[in-house]
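Peer 1: Please see the structure below; I have some questions.
The values are calculated or read from the model by the stated rules, or taken from the named source; none is laboratory data. Note that the structure is predicted; figures quoted are calculated from it, not measured. Cβ coordinates were reconstructed from backbone atoms using ideal geometry, including for glycine residues, and neighbour counts include every protein chain displayed. Heavy atoms of the whole protein, side chains included, go into the accessibility calculation; ligands, DNA and RNA do not. Shrake-Rupley method; radii C 1.70, N 1.55, O 1.52, S 1.80 Å.
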Amino acid sequence: MRLFSLTLLAVVVVLVAATPKCALAAAPANPQQRADELLAADRGFAEAGAKADAISGLSSLFANDVIMPVRGKGFAKGKAEVIEALKANPDTSNARVQWTPAGVGISADGKQGFTYGLMTENLKDNKQNLLKYLAYWRRDKAGWRVIAYNRGRRAQGPIASAPRSALLPGPMSSTAQTAAGNADHQQTVAQAEQAFSDAAQKIGLTAAFAEFGTADSMNLGGGGKTGFVFGAEAISTLVGGGEPERGSSVSWAADERVVVADSGDLGLSVGYIRFNERAADGSERQPIPFFTVWRRASADQPWRYVAE
């Protein structure tokens with residue numbers, strides 16, 4: 001979630017390495033089955049996590065190389081750092097956590113995907129923190145594990161209950177690519193992120209977010225929203241509200257990490273949003289860490305942001 005990245009809450013110890021309910025089944029036969037498998041993995045972790053403390057429940061999700069934006073501090077890199085960053089929030093350290101995935105997307109090779117959903121931290125004295133999350137997953141020998149994670153507050157109120165259809169791949173090859181081929185995919189995602197920022201400098205955030213998204217795009221929506229914001233037009237209004245029609249107050253780049261499925265249709269960009277002007281007192285404003293999920297419908301189509 002880019003301009004609405006929220007300070008990620010905290011968490012402690014490393015959990016049981018593998019959760020049986022999240023074990024990987026045999027390779028699914030089609031994209032819908034792959035998406036169902038990933039949803040089942042997220043739900044399995046959630047079911048196990050609800051029986052443990054929040055730290056254990058959340059840490060079970062993470063791959064060793066997971067990355068998480070921490071507003072005001074940059075990124076927590078690696079499982080140990082992410083757990084320490086999550087620990088920093090006393091609410092999380094003393095809570096039990098429940099979550100439910102609301103959406104899923106999958107790569108054509110079935111080895112990467114993302115989920116997003118609603119989360120509740122149950123605190124002492126019957127208090128609760130209402131949250132929402134976005135997770136980017138990788139499938140390997142250990143099963144599905146999260147390699148990028150973000151969560152933030154949500155407002156109290158009713159949420160649309162109808163499940164959204166899985167975002168399935170278009171006509172991309174699922175054949176494993178060479179390392180050089182994947183490097184090319186990474187470069188094109190980084191270029192798409194840069195082109196997105198460059199466009200915002202010329203046409204403004206509202207127009208840029210409308211142009212570089214699709215009807216399927218999702219934004220976490222910030223703490224003022226009860227749920228998610230869907231569709232490039234709605235997202236552009238949310239993000240660009242109050243910004244001038246031309247020019248932008250911020251610029252950004254995938255200057256931290258890029259990950260792309262070998263099938264070349266789904267990827268992740270990780271970087272910083274930087275303010276174009278200094279604060280009123282002349283000081284430089286702290287950059288905001290973000291990650292974005294990118295997708296292209298086919299090899300000849302441009303990359304478009306699909307979740308942030």
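Peer 1: Label-point separation (nm) for Arg246 and Leu168, each offset 7 Å from Cα along Cα-to-Cβ?
Peer 2: Going from the Arg246 label point to the Leu168 one covers 4.5 nm.
Peer 1: Can I ask one more? Rounded to a whole number, what is D in µm²/s for segment 44-113 from Stokes-Einstein with the Kirkwood radius over alpha-carbon pairs (20 °C, 1.002 mPa s)?
Peer 2: So the translational diffusion coefficient is about 160 µm²/s.
Peer 1: Please compute the contact order of the chain in relative form: average sequence separation of alpha-carbon pairs under 8 Å and at least six residues apart, divided by the residue count, as a percent.
Peer 2: RCO, the chain: 19 percent.
Peer 1: Taking the alpha-carbon set of the chain, what are its Rg and Dmax in Å?
Peer 2: Here Rg and the maximum Cα pair distance are 18.5, 59 Å.
Peer 1: Could you work out the relative contact order of segment 41-163? I mean the mean sequence separation of Cα pairs under 8 Å and 6+ apart, divided by the number of residues, in percent.
Peer 2: Result for segment 41-163 is 22 percent.
Peer 1: Apply the Karplus parameterisation 6.51 cos²θ - 1.76 cosθ + 1.60, with θ equal to phi minus 60°, to every residue of segment 131-141 and state each ³J(HN,Hα) to the nearest whole Hz, in sequence, with x for glycine and proline.
Peer 2: 9, 9, 9, 9, 10, 10, 10, 10, 9, 9, 4
Peer 1: In Å and on Cα atoms, what radius of gyration and Dmax does segment 167-308 show?
Peer 2: Gyration radius and largest Cα-Cα distance of segment 167-308: 15.8, 54 Å.
Peer 1: Also: Above 23 Å lies some portion of the pair distances; for segment 140-248, what is it as a whole percent of all C-alpha pairs?
Peer 2: Of all Cα-Cα distances in segment 140-248, 48 percent exceed 23 Å.
Peer 1: How large is the translational diffusion coefficient of segment 73-197 in µm² per second when you combine the Kirkwood radius over alpha carbon pairs with Stokes-Einstein at 10 °C and 1.306 mPa s?
Peer 2: For the chosen part, D equals 91 µm²/s.
Peer 1: I've got another one for you. Students often get this wrong, so check it: of Lys51/Lys79; Lys77/Lys127; Lys111/Lys202; Lys51/Lys87; Lys111/Lys225; Lys141/Lys225, which have C-alpha atoms separated by over 26 Å?
Peer 2: Lys77/Lys127; Lys111/Lys202; Lys111/Lys225; Lys141/Lys225
Peer 1: Given labels modelled 7 Å from the Cα in the Cβ direction, how far is it in nm from Gln201 to Asp65?
Peer 2: The modelled label-to-label distance comes out at 3.0 nm.
Peer 1: Then there is this: Given R₀ = 25 Å, FRET efficiency for Ser298-Gln33 by Cβ-Cβ distance, to 0.05?
Peer 2: 0.75
Peer 1: Express in nm, to one decimal, how much length is gained between Thr100 and Lys124 on full extension, taking 0.36 nm for each residue of separation and deducting their alpha carbon distance.
Peer 2: 6.5 nm
Peer 1: Before I look further, what does the chain give for accessible area per residue, probe 1.4 Å, in whole square angstrom?
Peer 2: Using a 1.4 Å probe on heavy atoms only, each residue of the chain averages 43 Å².
Peer 1: Next question. When the helices in the chain are scored as -39500 (n - 2.57) per DSSP H run of 4 or longer and the sum is shared across all residues, what 222 nm value do you end up with, to the nearest 500 deg cm²/dmol?
Peer 2: -8000 deg cm²/dmol
Peer 1: Using only alpha carbons, build the gyration tensor for segment 95-137 and give me the equivalent ellipsoid semi-axes, biggest first, whole Å.
Peer 2: 29, 8, 6
Peer 1: Pairwise over distinct Cα atoms, reciprocal of the mean inverse distance: report the Kirkwood radius of segment 196-248 in Å, one decimal place.
Peer 2: Evaluated on segment 196-248, it is 10.9 Å.
Peer 1: Let me ask something additional. What ³J(HN,Hα) values, in whole Hz, does the Karplus curve 6.51 cos²θ - 1.76 cosθ + 1.60 give for segment 259-270 when θ = phi - 60°, with x put for Gly and Pro?
Peer 2: Calculated HN-Hα couplings, in order: 10, 9, 4, 4, 6, x, 10, 9, x, 9, 10, 10 Hz.
Peer 1: Quick check: at a probe of 1.4 Å, how many percent of the accessible area of segment 53-158 sits on carbon and sulfur atoms?
Peer 2: C and S fraction of accessible area: 45 percent.
Peer 1: Moving on. Roughly speaking, what is the stretch gain from Ala160 to Asp184, that is 0.36 nm per residue apart minus the C-alpha to C-alpha distance, in nm to one decimal?
Peer 2: Full-extension gain reported as 4.7 nm.
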